[in-house]
1. Skip the ligands, DNA and RNA, and give the accessible area per residue of the range 122-265 with a 1.4 Å probe, whole Å².
2. Show the residues, 5+ positions off or on another chain, whose built amide H is closer than 5 Å to the amide H of M269.
3. Can you pull the one-decimal nm distance between simple spin-label points at E274 and K131, each 7 Å off the Cα toward Cβ?
4. Can you give the charge dipole size of the chain about its Cα centre, rounded to the nearest 20 debye, using +1 on the beta carbon of Lys and Arg and -1 on the beta carbon of Asp and Glu?
5. Between S358 and A257, take the C-beta separation as r, use R0 = 30 Å, and let me know the FRET efficiency to the nearest 0.05.
6. Highest first, please rank the peptides 42-55, 339-352, 303-316 by the mean number of other Cβ atoms sitting within 10 Å of their residues.
7. Of the beta bridges DSSP finds with both residues in the range 22-227, what % are antiparallel, to the nearest 5?
8. Under 5 Å between amide H atoms, partner at least 5 residues away or on a different chain: which partners does D344 have, H built in plane at 1.01 Å?
Amino acid sequence: MSVWKVSGGNKLYGDLRIQGSKNAVLPIMAAAIIAGCETELINCPRLSDVEAAMSILRHLGCKAEREGDTIFIDSREMNRTDIPHDLMREMRSSVIFLGAILARAHEAKLSYPGGCELGPRPIDLHLEALKCLGAEITEQGGDLYCRDGGLKGARINLSFPSVGATENAMLAACGAEGETVITNAAREPEIVDLQEFLRSLGADISGAGTPTITVSGFSPRKRVGYRVMTDRIVSATALCCAACAGGSITLKSVVPADFETVTSALESMGCEIERRKNSVKITVNRQLRAPRPITTRPYPGFPTDAQPLLMAACLKAEGTTVFTENIFENRYRHAAEFCRLGADINVVGRVAVVTGVSELTGAPVSATDLRGGAALIAAALGATGETTVYDTGHIARGYEDFDKMLMSLGADIKYENERLASVV
Ligand code: UD1
């Protein structure tokens with residue numbers, strides 16, 4: 001159990017260098033096994049999910065070592081094709097290794113990833129995509145057995161632009177003979193980053209960032225170096241923290257377009273925004289007002305991952321904000337925790353209505369999931385008194401040294417990572 005103690009009231013000031021992207025580095029680490037080569041990945045955040053992906057790589061017989069923010073992967077000696085249950089459980093997105101293992105070895109055995117704190121997280125679209133390429137998949141006692149007698153390029157039409165299913169299809173297609181065309185593909189920036197990595201690995205792939213991705217061939221390289229993109233959700237988190245606490249911060253070395261929906265929502269609330277080519281500055285020195293309704297959608301729509309964070313920024317904004325969550329069924333668990341701080345939120349199904357209150361007051365709360373946990377810390381920065389956030393490790397899955405990042409801006413926050421058997 002980790003405990004975050006936040007004393008609200010300090011405004012945030014300063015510059016931030018944002019960490020590498022969790023959601024980009026995980027599929028890229030899986031992709032590193034496809035070619036059986038040596039890979040050097042730069043800008044890898046120190047996160048428990050990234051450590052879990054390294055454990056999977058080592059289990060598969062690959063070398064995976066970290067030096068600072070660089071991870072070296074040597075997949076030449078990969079000698080296993082299974083991922084055991086405990087490793088699958090450690091990181092739910094480990095299903096992303098399925099397409100990569102098939103591309104490399106043409107057989108795989110994984111335990112079925114369970115549900116998660118965001119509601120059921122099925123993998124039917126991942127499996128359908130792999131079946132289109134010729135994989136035979138059977139389920140037995142909670143395990144998935146996959147094999148193919150040589151993957152064949154095909155047309156894969158996703159019924160929903162799932163990020164994970166798009167990535168799995170891209171990875172498996174690299175091991176297929178002939179051309180694969182993925183339609184209704186997810187368009188997230190992390191998909192583009194995966195495409196760029198696959199290109200440097202030797203894939204002939206194009207179209208990422210549009211709904212149609214084409215994989216035409218693969219000539220594996222022996223050595224690859226790649227720099228992982230900056231985390232757009234951490235960027236959005238920092239902006240929302242500033243909106244909650246007030247002050248003025250600048251995000252450096254970012255791609256502003258990647259999180260523009262969040263930036264423009266904050267701007268419409270009264271935050272002053274200065275966009276440059278590779279930086280965004282936010283200044284908050286007035287009472288904020290509620291933004292227009294916020295509806296989460298696949299990219300380029302408003303990201304579901306930023307919904308709890310923007311909600312934190314709306315808790316004290318004048319007026320009423322209507323959120324509609326379209327991506328995950330169970331993504332309002334943070335709302336009940338916000339209410340412990342004095343927020344006024346009404347949740348009915350996919351809709352949450354937030355009515356701004358004049359003050360939030362510190363209280364003990366629990367991190368319900370990764371982004372919900374970060375959002376509680378953001379809200380606590382703007383609350384009166386001390387908030388204690390109890391967290392079973394959610395926040396460290398996605399934020400590297402979150403406490404240090406906020407302290408560098410002037411926040412009063414203490415992080416204790418210890419076993420508190422009596423709590424929760
Ligand atoms: C990824 C991100 C996550 C983000 C999400 C949506 C990673 C590691 N995680 O998750 O942070 O919140 O995209 O932007 O990149 N679905 C199905 N069947 C499937 C697959 C998905 O029904 O086979 C549904 C899911 O239950 C969910 C929706 O599709 O309701 C979106 O899921 P998806 O885009 O696949 O998200 P992830 O890849 O799991």
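The values are calculated or read from the model by the stated rules, or taken from the named source; none is laboratory data. Not measured: the values here are computed from a predicted model. For neighbour counting, all protein chains shown are included, and Cβ atoms are generated from backbone atoms with ideal geometry for every residue, glycine included. What goes into the accessible areas is simple: the full protein's heavy atoms, side chains included, and nothing from ligands, DNA or RNA. Shrake-Rupley method; radii C 1.70, N 1.55, O 1.52, S 1.80 Å.
1. 37 Å²
2. none
3. Inter-label distance under the simple model: 5.5 nm.
4. Using only the charged Cβ atoms, the result is roughly 600 debye.
5. In this case the efficiency is close to 0.30.
6. 303-316, 42-55, 339-352
7. In the range 22-227, approximately 70 percent of DSSP beta bridges are antiparallel ones.
8. Close amide H contacts, sequence-distant or interchain: T355, V357.
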